[in-house]
Amino acid sequence: MSLPSRLVELVSALRGHGVAVGSSETVDAAAVAGVLGLADRERLRAGLAAALLRGEGQRPVFDAVFDVCFPLGVGSPELARDQDWDLDRLRDELVAALADDDGDAVGRLAGIAVEAFGRYGGGFSAYEALERVRPQTLVARVLAESGGGGGGFTDRLERDEVRRRVESFREAVRTEARRRTAEARGRQRVLEHAVAPSADRVDFLVANRKQLAELRRAVQPLARKLATRLAARRRRANRGHIDIRRTLRRSLSTGGVPIHLAHRRRSPARPEIVLVCDLSGSVAGFANFTMLLVQALRDQFSKIRVFGFIDTVDEITHLVHTGAANPDSLGARVHSEATLSTWDGHSDYGRAFRHFAAHHADAIGPRTSVLILGDARTNGADPELAVLRDLLAPARHAHWLNPERTALWSTGDSEADRYATVVPMHECRNTRQLTTLVGKLLPT
């Protein structure tokens, strides 16, 4: 395949994964590729990334797509073809390569691991190879080989460095498995199904611990963008409606042509926000991220109050406020310091809404906008629609953000469609959807 064809394939795959690449960026990338050529693959990678990428968090997706469209080689590694490899030998050589921080040797061993231990179902599996090699169990051997393990702070630093090297081997195995599978099954299939999505497209409900931690670290940059957007909306909204009388008076100086419009100025008070968050199970990751995001936007509102629940409600505003400095520990603090459940730890929305109405109803008033966060799965309990309707009646606005796909609403024990008759419900599966909804739904 020619260089232009590979570049077109790269751009198409990036667009398929939500990376906005326009015509001008594509032309720039073609110019970069023409200047750099294929002699230095890593230099070409850096040049194309600089030409094509504009947003944060897009580089991991680009690297995975680039490795498929511009593979490091063809077929199995030469060392894997020429020699017989057993697991013990591979692990011994991997220990030596990691101890010497020899990146080239680590890359070669990753190819051998995939060839020797990663064959699966007509393709190649990084999971199978890594399960056989188990590089995470080699940390102590690498430390001993490199003369580390003396104890204390220095030992911890050395362990962290070795774990970084082990992770680089794991990533090399994933890259090699994608390359070999693309040869066996076609690049298009691998580009569509074997490239991990960017952080803003990862579903909250299936995100792993590392991805959730990455999302929490993205709260502050995301909040700054949203704050700018909300401030612009507020400036436009504050202009108010056209004042006909003043506009006509101004038009006298231009012969009756209303060139300079006059507006009735508005002086709206900043709105209040109340978050009501289901903190059970996998929904908690979505709720934690949203709580931190709204807290980071606190300057846009006159007041923010946050309530968490599983089957009973407790106010956790102070925990979210103090937890913004250390977002990774927020969930643990909320569950240890707040009273969210009095029964079996399963969500009971109806009971939680009754408890909120009995103890916290004064939190919702005519200036309040309410956001309910949860999947609306009641575990078969009464959803208490009438209680929720009365509770939200005084609110200025109310919306429900549901992290489940719309197709799953009202399947099993979900009462999403019934709750949607009381409060507008929106699918909110990832940060891209959340950003759009927060920017659109939050009042100005």
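Is region 217-235 home to any residue that is free of Cβ contacts under 8 Å to residues at least 60 places away in the same chain and surrounded by 13 or more Cβ atoms within 10 Å (Cβ to Cβ)?
No - not one qualifying residue is present in region 217-235.
Out of curiosity, is V95 surrounded by 14 or more Cβ atoms within 10 Å (Cβ to Cβ) and over 28 Å from E214 (Cβ atoms)? Working first, answer last.
Numbers: surrounded by 14 or more Cβ atoms within 10 Å (Cβ to Cβ): yes; over 28 Å from E214 (Cβ atoms): yes.
So V95 passes the test.
Let me confirm something: among E145, E131, which residue is modelled with pLDDT of 90 or more and either open to solvent by 70 Å² or more (accessible area, probe 1.4 Å) or over 30 Å from the mean Cα position of the chain (by Cα) (or both)?
On the way: E145 fails: modelled with pLDDT of 90 or more.
The conditions single out E131.
Looking at region 112-128 only, could you name the residues that are over 30 Å from the mean Cα position of the chain (by Cα), over 12 Å from R170 (Cβ atoms) and open to solvent by less than 40 Å² (accessible area, probe 1.4 Å)?
Within region 112-128, I112, E115, F117 meet the criteria.
Kindly check whether there is at least one residue in region 35-50 that is within 30 Å of T431 (Cβ to Cβ) and modelled with pLDDT under 90.
For region 35-50, residues within 30 Å of T431 (Cβ to Cβ) and modelled with pLDDT under 90: absent.
Can you tell me which of R201, R178, R170, R159 is surrounded by 14 or more Cβ atoms within 10 Å (Cβ to Cβ) and free of Cβ contacts under 8 Å to residues at least 40 places away in the same chain? Even if it seems obvious, please write down each step before you answer.
Working: R201 fails: free of Cβ contacts under 8 Å to residues at least 40 places away in the same chain; R178 fails: free of Cβ contacts under 8 Å to residues at least 40 places away in the same chain; R170 fails: free of Cβ contacts under 8 Å to residues at least 40 places away in the same chain.
It is R159.
Among the listed residues A33, A49, A64, A29, identify the single one that is more than 20 Å from L191 (Cα to Cα), of a type in the set (A, V, I, L, M) and open to solvent by less than 30 Å² (accessible area, probe 1.4 Å). Break it down stepwise before answering.
Details: A49 fails: more than 20 Å from L191 (Cα to Cα); A64 fails: more than 20 Å from L191 (Cα to Cα); A29 fails: more than 20 Å from L191 (Cα to Cα).
None of the others qualify; the one that does is A33.
Based on this model, can you work out whether T435 counts as part of a helix (DSSP H, G or I), farther than 17 Å from T368 by Cα and of a type in the set (V, I, T)? Working first, answer last.
Working: part of a helix (DSSP H, G or I): yes; farther than 17 Å from T368 by Cα: yes; of a type in the set (V, I, T): yes.
The answer is yes for T435.
Hey, can you tell me all the residues within region 242-262 that are out of contact with any strand residue (DSSP E or B) (no Cβ under 8 Å at 6 or more places or on another chain) and open to solvent by less than 80 Å² (accessible area, probe 1.4 Å)? Show your work before the answer.
Initial filter on region 242-262 (out of contact with any strand residue (DSSP E or B) (no Cβ under 8 Å at 6 or more places or on another chain)): 244-260.
Selection gives T247, S251, T254, G255, G256, V257, P258.
For region 273-291, give me the residue count where each residue is in a loop (DSSP other than H, G, I, E, B) and open to solvent by 10 Å² or more (accessible area, probe 1.4 Å). Steps first, answer last, please.
Step one: filter region 273-291 for residues in a loop (DSSP other than H, G, I, E, B), giving 279-282.
With the extra rule that they be open to solvent by 10 Å² or more (accessible area, probe 1.4 Å), the set shrinks to 280-282.
Residues flagged as in a loop (DSSP other than H, G, I, E, B) and open to solvent by 10 Å² or more (accessible area, probe 1.4 Å) within region 273-291 amount to 3.
Mind telling me which of the residues V294, V306 ends up being surrounded by 22 or more Cβ atoms within 10 Å (Cβ to Cβ) and not in a helix (DSSP H, G or I)? Outline the logic, then answer.
Details: V294 fails: not in a helix (DSSP H, G or I).
None of the others qualify; the one that does is V306.
The values are calculated or read from the model by the stated rules, or taken from the named source; none is laboratory data. Fair warning: this is a prediction, and the values are worked out from it, not measured in the lab. Because the Cβ atoms are built from the backbone with ideal geometry, glycine has one as well, and the counts that use them run over all protein chains shown. In case anyone asks, the SASA skips ligands and DNA or RNA and just uses the protein heavy atoms, side chains included. Shrake-Rupley method; radii C 1.70, N 1.55, O 1.52, S 1.80 Å.
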